[in-house]
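J.: Starting off with a structure, shown below.
The values are calculated or read from the model by the stated rules, or taken from the named source; none is laboratory data. Owing to the predicted nature of the structure, the values given are computational and were not obtained by experimental measurement. Neighbour counts run over all protein chains shown; Cβ positions are idealised from the backbone, glycine included. For the accessible areas, the whole protein counts, side chains as well, though only heavy atoms, and no ligand, DNA or RNA atoms are used. Shrake-Rupley method; radii C 1.70, N 1.55, O 1.52, S 1.80 Å.
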Amino acid sequence: MVLFVVVIALAWPVGLGLWANSKIAHTDALSGAADTPGETYLLAGADIEQGGAQRTDTLMLLHKAPNGKQYLVSIPRDTLAEIPEHGTHKINAAYSMGGAPLLVGTVEKLTGLTIDHFVVIGFSGVEDVVNAIGTVNLCIDRDVDDERSGLKMAKGCHDVGGEQALAFVRARYFDPTADIGRQQRQQQFVSALMKRASSPGVLLNPLTQVNLASAGTKALVTDHDTGLIDLASAALVMRAAPNSGGVLAMPIEDPNFKTKHSGVAIKVNDEDVRAFFSSIADGSAESKPEG
């Protein structure tokens with residue numbers, strides 16, 4: 001998930017910032033494709049802490065357009081996409097097939113946007129970073145006791161620790177909308193995380209800031225050119241998006257498309273998706289929050 005936004009949302013002392021920057025791991029990721037308008041970040045959540053290439057469980061695209069509009073778009077993990085040199089598969093398979101470079105290339109082919117910054121987070125980091133700041137406040141519209149994810153929440157809003165926050169962002173099988181509902185919960189989590197990280201109890205507590213920096217960078221990997229300042233810019237885009245360009249839903253043609261070999265997937269119309277991301281690129285996309 002995008003727990004790294006907590007780390008870079010804080011006004012650290014220079015020394016702490018330099019230390020945190022040195023802890024960020026890097027990998028080959030960017031394609032070198034010609035630039036497209038604005039600045040684009042691809043954020044991915046994966047079980048990288050388990051070793052080896054894993055399928056990405058979460059994909060979010062952040063974009064700051066030349067006119068200043070800022071957008072956040074979730075790309076459902078089950079979206080059918082053309083993976084270069086591998087054919088059509090669910091988009092989350094790209095990372096396991098060819099790591100960060102193939103995932104970046106697949107997203108660029110789907111959206112028409114050149115990725116300027118790539119960030120991948122190990123899921124264990126979500127639990128650690130929430131525990132570092134105590135709790136986050138999350139809301140759900142039904143009672144849930146989901147054995148597969150471990151999510152146990154009563155209907156309403158609750159302050160939850162790291163274990164339940166991780167279950168909240170990973171759960172999907174209890175929800176009839178599956179991947180669509182989960183991406184809405186993930187976006188809710190991001191907002192709750194930002195709110196808590198910006199609270200006086202965190203901002204004014206040096207020990208909490210150190211714990212947060214340690215937790216937030218432990219499972220973090222970026223492309224070689226992305227450092228703390230770039231992550232700080234990403235945090236600002238993410239914070240501003242709901243009140244700027246918007247938190248938008250990618251157009252979907254069929255959310256329950258039955259494939260021959262990959263089960264049920266999300267089918268999109270390539271032309272509609274390209275037009276959607278073209279409007280995001282130039283800042284003309286309609287501001288229409290998801291959900």
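J.: Considering every residue within region 223-245, establish whether at least one is touching a residue at least 60 places away in the same chain (Cβ under 8 Å), of a type in the set (Asp, Glu) and open to solvent by less than 30 Å² (accessible area, probe 1.4 Å).
T.: Within region 223-245 (the criterion being touching a residue at least 60 places away in the same chain (Cβ under 8 Å), of a type in the set (Asp, Glu) and open to solvent by less than 30 Å² (accessible area, probe 1.4 Å)), the answer is yes, since at least one residue qualifies.
J.: Same structure, new question: Suppose the filter is within 22 Å of Met60 (Cα to Cα) and touching a residue at least 60 places away in the same chain (Cβ under 8 Å); does Gln186 pass it?
T.: Working: within 22 Å of Met60 (Cα to Cα): yes; touching a residue at least 60 places away in the same chain (Cβ under 8 Å): yes.
Spelling it out, Gln186 is indeed within 22 Å of Met60 (Cα to Cα) and touching a residue at least 60 places away in the same chain (Cβ under 8 Å).
J.: Report whether or not Met97 is touching a helix residue (DSSP H, G or I) at 6+ places or on another chain (Cβ under 9 Å) and open to solvent by 50 Å² or more (accessible area, probe 1.4 Å).
T.: Numbers: touching a helix residue (DSSP H, G or I) at 6+ places or on another chain (Cβ under 9 Å): yes; open to solvent by 50 Å² or more (accessible area, probe 1.4 Å): yes.
Yes; evaluated as a whole, the condition is true for this residue.
J.: Take the residues of region 246-260 that are out of contact with any helix residue (DSSP H, G or I) (no Cβ under 8 Å at 6 or more places or on another chain) and over 18 Å from Ser279 (Cα atoms): which is surrounded by the fewest Cβ atoms within 10 Å (Cβ to Cβ)?
T.: Filtering region 246-260 for residues that are out of contact with any helix residue (DSSP H, G or I) (no Cβ under 8 Å at 6 or more places or on another chain) and over 18 Å from Ser279 (Cα atoms), the one surrounded by the fewest Cβ atoms within 10 Å (Cβ to Cβ) comes out as Lys260.
J.: What pairs come up if the first residue lies in region 76-89 and is more than 18 Å from Ala46 (Cα to Cα), the second is β-branched (Val, Ile, Thr) and surrounded by fewer than 20 Cβ atoms within 10 Å (Cβ to Cβ), and their beta carbons are under 9 Å apart, counting only those six or more places apart or on different chains?
T.: Correct list of pairs: Leu80/Thr88; Leu80/Thr259; Ala81/Thr88; Glu82/Thr88; Thr88/Thr259.
J.: Please name all residue pairs, on different chains or six or more residues apart, with Cβ atoms under 8 Å, provided the first residue is in region 101-118 and is at positive phi and the second residue is open to solvent by 20 Å² or more (accessible area, probe 1.4 Å) and assigned to a loop (DSSP other than H, G, I, E, B).
T.: Correct list of pairs: Gly112/Thr36.
J.: Next question, about the same structure. Residue by residue through region 155-210, note down the ones that are charged (D, E, K, R), open to solvent by 60 Å² or more (accessible area, probe 1.4 Å) and part of a loop (DSSP other than H, G, I, E, B). Quick ask: steps written out before the conclusion?
T.: Of all residues in region 155-210, those charged (D, E, K, R) come to 155, 159, 163, 170, 172, 175, 179, 182, 185, 195-196.
Now restrict to residues that are open to solvent by 60 Å² or more (accessible area, probe 1.4 Å): 155, 159, 163, 170, 195-196.
Across region 155-210, the qualifying residue is only Lys155.
J.: Could we say that Gly122 is of a type outside the set (A, V, I, L, M), within 29 Å of Asp175 (Cα to Cα) and in contact (Cβ under 8 Å) with a residue 60 or more places away in the chain here?
T.: Working: of a type outside the set (A, V, I, L, M): yes; within 29 Å of Asp175 (Cα to Cα): yes; in contact (Cβ under 8 Å) with a residue 60 or more places away in the chain: yes.
In short, yes.
J.: Quick test of your reading of the structure: Asp175 fulfils all but one of (1) within 23 Å of Lys90 (Cβ to Cβ); (2) touching a strand residue (DSSP E or B) at 6+ places or on another chain (Cβ under 8 Å); (3) acidic (Asp, Glu). Name the failing condition by number.
T.: (2)
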